[in-house]
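Contents: one structure, followed by commentary.
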Amino acid sequence: DQSKPIEAGAGSEAAKKVKIGIYFATWWALNVVFNIYNKKVLNAYPYPWLTSTLSLACGSLMMLVSWVTRIAEAPKTDFEFWKTLFPVALAHTIGHVAATVSMSKVAVSFTHIIKSGEPAFSVLVSRFLLGETFPVPVYLSLLPIIGGCALAAVTELNFNMIGFMGAMISNLAFVFRNIFSKKGMSKSVSGMNYYACLSMLSLVILTPFAIAVEGPQMWAAGWQKALSDIGPHFVWWVVAQSVFYHLYNQVSYMSLDEISPLTFSIGNTMKRISVIVSSIIIFHTPVQPVNALGAAIAIFGTFLYSQSKQ
Ligand code: 3PG
């Protein structure tokens, strides 16, 4: 992984840093809001397959409207583009629904602690499936990542196997998504439009599965209950989780146009710290010191990992 070549002088270099800083801050802030509303919705309405579908549907609709009204220019795509996008969308769908199922079963902080182990999955998949080799320090950095995640998992007060496995599956799926999208992200389609197309194709893939796993009958009955438990503003929670899901992903893909995959993965880990801390405060999640220690070790490991890859 290498940063993109620096093409301009010191002034525009500083401007670029400010721009990336703004992308990162926006990405993290949007992600924190998404995670909070997503969990509020799941607590009242535990249908993660539907809420995952709604997030994708909302993003797809927002982008279609932007294209039709010419707020954003629609990309020029051909069959080849959609064919290359398919495996990316499949991995995105699996990673998204698995993370949402996880968050419906465990604390948001726990899902994100496990998800901070994503670099370990990336190295293991690249090593064993793609035959890529890494310098020894990269492998060593996996020890605190895996050890920290394991410590956090065994000391988690509200451990749940589906919650744990969902986060693990999400890690694996997102590693494949990143590998496939490296091949598929073309220069002619911007990060924003690439993510828009990804949402649309993922929506097509996910909808039949969401209907098969949960289905309209369950959704309708649960909806009535959530409305009577929470009140009419429950609808706004659903809107918020859907809109913010799209926005944070859109900004993260826009920043991918500007930064290397490595800088992106460091930004993603820092994003998880803000989500873990804010969700623990907002949801009063009980945390034991040893549990927090596990999370800290895992996150420290991801920093060692990024250092050793540089
Ligand atoms: C999702 O619902 O897709 C997950 O919350 C995504 O997690 P991430 O974008 O933080 O990896």
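The values are calculated or read from the model by the stated rules, or taken from the named source; none is laboratory data. As the structure is a prediction and not an experimental result, all values here were calculated from the model. We place every Cβ from the backbone using ideal geometry, glycine too, and count neighbours over all the protein chains shown.
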Could you run through the range 165-187 and say how many residues are in contact (Cβ under 8 Å) with a residue 60 or more places away in the chain and outside any helix (DSSP H, G or I)?
2
Given the conditions (1) free of Cβ contacts under 8 Å to residues at least 60 places away in the same chain; (2) in contact with a Ser or Thr (Cβ under 6 Å, 6 or more places away or on another chain), which single one is not true for VAL68?
(2)
Please specify each residue of the range 250-291 satisfying the condition of being free of Cβ contacts under 8 Å to residues at least 24 places away in the same chain and either away from the ligand (no atom under 16 Å from the Cβ) or over 20 Å from the mean Cα position of the chain (by Cα) (or both).
ILE281, HIS284, PRO289
For ALA221, which of the numbered conditions (1) within 19 Å of THR53 (Cα to Cα); (2) surrounded by fewer than 18 Cβ atoms within 10 Å (Cβ to Cβ); (3) touching a residue at least 12 places away in the same chain (Cβ under 8 Å) fails to hold?
(3)
Of everything in the range 75-103, what is out of contact with any Ser or Thr (no Cβ under 7 Å at 6 or more places or on another chain) and within 21 Å of VAL41 (Cβ to Cβ)? Give them in sequence order.
ILE94, VAL101
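Let's see how each residue does on (1) surrounded by fewer than 21 Cβ atoms within 10 Å (Cβ to Cβ); (2) charged (D, E, K, R):
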| residue | (1), (2) |
| --- | --- |
| ALA240 | yes, no |
| HIS246 | no, no |
| ASN249 | no, no |
| PRO261 | yes, no |
| PHE264 | yes, no |
| ARG272 | no, yes |
| ILE276 | no, no |
| ILE280 | yes, no |
| PHE283 | yes, no |
Going by what's in this entry, would MET168 be described as surrounded by 15 or more Cβ atoms within 10 Å (Cβ to Cβ) and closer than 29 Å to ALA72 by Cα?
no
Given the criteria at pLDDT 95 or above, surrounded by fewer than 21 Cβ atoms within 10 Å (Cβ to Cβ) and either assigned to a helix (DSSP H, G or I) or of a type outside the set (D, E, K, R) (or both), does ALA196 qualify?
no
Quick one: count up the residues across the range 32-42 that are away from the ligand (no atom under 11 Å from the Cβ) and either surrounded by 24 or more Cβ atoms within 10 Å (Cβ to Cβ) or outside any helix (DSSP H, G or I) (or both).
1
Residue list for the range 44-76, filter: under 23 Å from SER188 (Cα atoms), among the β-branched types (Val, Ile, Thr) and buried (at least 16 other Cβ atoms within 10 Å of the Cβ):
none
Neighbours by Cβ (under 9 Å, 6+ apart or cross-chain): first from the range 131-147, under 13 Å from LYS309 (Cβ atoms) and touching a residue at least 60 places away in the same chain (Cβ under 8 Å); second assigned to a loop (DSSP other than H, G, I, E, B) and hydroxyl-bearing (Ser, Thr, Tyr):
ILE145/SER116
